[in-house]
Ligand SMILES: N=[N+]=NCCCCNC(=O)[C@@H]1[C@H]2[C@H](O)[C@@H](O)[C@H](O)[C@@H](CO)[C@@H]12
C-alpha cells in the first residue's frame, strides 16, 4: 500500500529557465554581448553549430510563454537576467530597454499569480567585463554588486526571491579548467581564482542587498552531485572525498562555514592559492535559502590520471541513463538534501533545477508528446524529496528543469529537458505528457505521486 504523499502546505511548485538558453535576440534593443556570443560563434564549440541567436525566441514570445506557465499551473517561475541586456558594458550605463523587458515579465507573472524567482547570473558574463579579466579580476565582486543594486532597485518591490549565482562550479570547471563552456579557458591555475571570485561576488551582492534594506529572500544556487566510492577501499573512499570536495563542499562550506574544505588542497595541489582572511568575511554573508540543482550522482574509482580530482566515475550497469549520460538515481537526491541539512544547519532549501533529457518522439496526432521516461524521472525524484522532508529537511519548493526545450549549452538543441516541446524551426510550443503530469502534481500538492 503506497502511502498518500503530502507535501507541506505552501510548498512552491515551479519551473526554471535561463536567459541565454531561451531568450534569443542577444544584441537587441541596445543589449551588450555576453561571452557566449563569441563562444557559440567560434566553430567547434557547440554541437551542430547551434547558437543562442534565436533559441526559443523568448525575448519576443515571452507573453505566449507566460500563458504556457499558466496552462501548466505553475506557482513560480525561475529565470535569469541577462546582465549585458541591462548593463551593455557590464558596468555603468543602464540599457533601459533591457531593464524594461524584465520589468514587464515580472508584472505579467504576478498578474497571473506566478512568483518570479530571479537569478542574477546564469553564466552569461558581459563580454566587456571578460575583456577586463572577468571572473579572474578581483574587482568583479564590486562590478557584480553594482549590477545587483540596479536589479534590486528596479524589481525588489515585486521580486521576493533573489539568487546571486547559478552553479559557480560549472562556471569554474567548464569555463576555466576544461574549456568546454564560455569563456573556454583551460588553466588549472585560473579555475580556483574564478571560483573564489564568484563566491566573493556572491557575498558582495548579498551584502549590497542587506545594506539597501532588502527584506526579501536572497540565496545562492549550486549544483550538487553526491559522490559514492566504487568500493570501500581507502583509495576509492578518498577519491570520492576529493570529488565531493571539488564539486560540492567547495561552494557551500565558504558560504556557511567561512572556509574551504581541507580536501580541496589535495585536489588542486600547487594550483591552490592562499586566500586573504577578509574574503571569507565577505563570502559568508548570511543567506535565506539554498537552491539545489540535482541531476545525478556519480560512483567514483581512484584514478591518478583523472585531473583534477583523480577520480573516475564508473558506469552503473543496471541503471537508466539520460541523453546527457547521467544516471537516473533519485536516492542521491535524498542523500544530497540530508547532507546539506546536516552540514549547514538545516537552511530552507528549494530544488531550483531537476529534470532529464530523453529522446522525445515527434508530436503525435492530436498534439500529444508521450515522454514516459521524463514522467518517471519526476515521479522518482519527487518521492525522493518527500523522503527528505520526512527526515526533517526544510524543503520549501521545487522547480523543474526546464519549462522549455532550450539551448543546452555545448550540446546545442540536441538535448531536450523541457516540459514543453519547442520546434526550433517554427517556434511552435507543445506541452509534453510530463507537463500534464506536472499540472496534476501541482494541483494536488504532490498527492498524485
Ligand atoms: N556530470 N554531471 N553532472 C550533472 C550536472 C552537471 C552540472 N550541470 C548542470 O547542473 C546544468 C544546469 C544548468 O543550470 C542549466 O543551465 C543546464 O541546462 C542544466 C542541464 O545540463 C544543468
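Values in this text are rule-based calculations from the coordinates and carry no lab data. The structure displayed is predicted, hence computed values, not measured ones. Here the Cβ is made from the backbone with ideal geometry for all residues, glycine too, and neighbour counts use every protein chain on show.
Give me D for the range 168-219 in µm² s⁻¹, whole number, from Stokes-Einstein with Rh from the Kirkwood sum over alpha-carbon pairs, 20 °C and 1.002 mPa s. Provide the component values of the computation, followed by the final result.
Details: Rh = 11.9 Å.
D = 180 µm²/s.
Please compute the contact order of the chain in relative form: average sequence separation of alpha-carbon pairs under 8 Å and at least six residues apart, divided by the residue count, as a percent. Don't skip to the answer; put the middle values down first.
Values: 936 pairs, mean separation 80.2, N = 449.
Worked out over the chain, it gives 18 percent.
Please report, largest first and rounded to whole Å, the three semi-axes of the ellipsoid equivalent to the range 346-449, where each semi-axis is the square root of five times an eigenvalue of the C-alpha gyration tensor.
On the way: eigenvalues 147, 50, 22 Å².
The equivalent ellipsoid of the range 346-449 has semi-axes of 27, 16, 10 Å.
Hey, what D do you get for the range 22-134 in µm²/s if you plug the Kirkwood alpha-carbon radius into Stokes-Einstein at 37 °C and 0.692 mPa s? Please list the in-between numbers first.
Details: Rh = 14.9 Å.
Value of D from the Cα-based Kirkwood radius: 221 µm²/s.
When N counts the residues of the range 105-155, how does its alpha-carbon radius of gyration compare numerically with 2.2 N^0.38 Å, as a ratio? Before the final figure, lay out the partial values.
Working: Rg = 14.1 Å, N = 51, 2.2 N^0.38 = 9.8 Å.
With N residues counted in the range 105-155, Rg over 2.2 N^0.38 Å equals 1.44.
Based on Cα positions only, what radius of gyration and what Dmax would you give for the range 1-81, in angstroms?
Spelled out, the Cα radius of gyration and Dmax of the range 1-81 are 17.5, 59 Å.
Among 324, 352, 317, 296, what is the fewest-to-most ranking by other Cβ atoms within 10 Å?
Details: 324 15, 352 29, 317 5, 296 21.
Ranking 324, 352, 317, 296 by Cβ neighbours within 10 Å, fewest first, gives 317, 324, 296, 352.
By count of other Cβ within 10 Å, fewest leading, how are 157, 65 ordered? Write out the running numbers ahead of the final one.
Values: 157 10, 65 22.
With the fewest neighbours first, 157, 65 line up as 157, 65.
Once every DSSP H run of n ≥ 4 in the chain is given -39500 (n - 2.57) and the sum is divided by its residues, what mean residue ellipticity at 222 nm do you get, rounded to the nearest 500 deg cm²/dmol? Kindly include the intermediate steps, with their values, before the conclusion.
Working: 16 runs with 167 residues, N = 449.
Taking each H run of at least 4 residues, the total per residue is -11000 deg cm²/dmol.
At q = 0.13, 0.17, 0.24, 0.31 Å⁻¹, what is the log10 ratio I(q)/I(0) for the range 205-261, with the Debye formula run over Cα points and no solvent?
-0.48, -0.66, -0.95, -1.13
Rounded to whole Å and sorted largest first, what semi-axes of the equivalent ellipsoid does the C-alpha gyration tensor of the range 251-365 yield via the square root of 5 times each eigenvalue?
Values: eigenvalues 198, 96, 34 Å².
They are 31, 22, 13 Å, listed largest first.
Evaluate the relative contact order of the range 107-166 (contact order divided by residue number), counting alpha-carbon pairs under 8 angstrom at least 6 apart; express in whole percent. Before the final figure, lay out the partial values.
On the way: 35 pairs, mean separation 38.4, N = 60.
Across the range 107-166, relative contact order equals 64 percent.
I need the Kirkwood Rh of the range 127-212: take the reciprocal of the average 1/r across all distinct C-alpha pairs and report it in angstrom. Don't skip to the end; give the middle numbers.
On the way: mean 1/r = 0.0748 Å⁻¹.
It is 13.4 Å.
For 38, 186, what ranking results if the residue with the fewest other Cβ atoms within 10 Å of its Cβ goes first?
Listed from fewest to most nearby Cβ atoms, that is 186, 38.
Any chance you could tell me what percent of the C-alpha pair distances in the range 255-314 go past 18 Å? Could you put the intermediate results ahead of the total?
Numbers: 1016 of 1770 pairs.
Here the tail beyond 18 Å accounts for 57 percent of pairs.
Return a whole-number percent for the relative contact order of the range 37-137, with Cα pairs under 8 Å and 6 or more residues apart as the contact set.
On the way: 96 pairs, mean separation 28.8, N = 101.
Relative contact order for the range 37-137 comes out at 29 percent.
Taking a cut-off of 42 Å, what percent of all Cα-Cα pairs in the chain are separated by more than that? Don't skip to the end; give the middle numbers.
Details: 8403 of 100576 pairs.
Roughly 8 percent, once rounded to a whole number.
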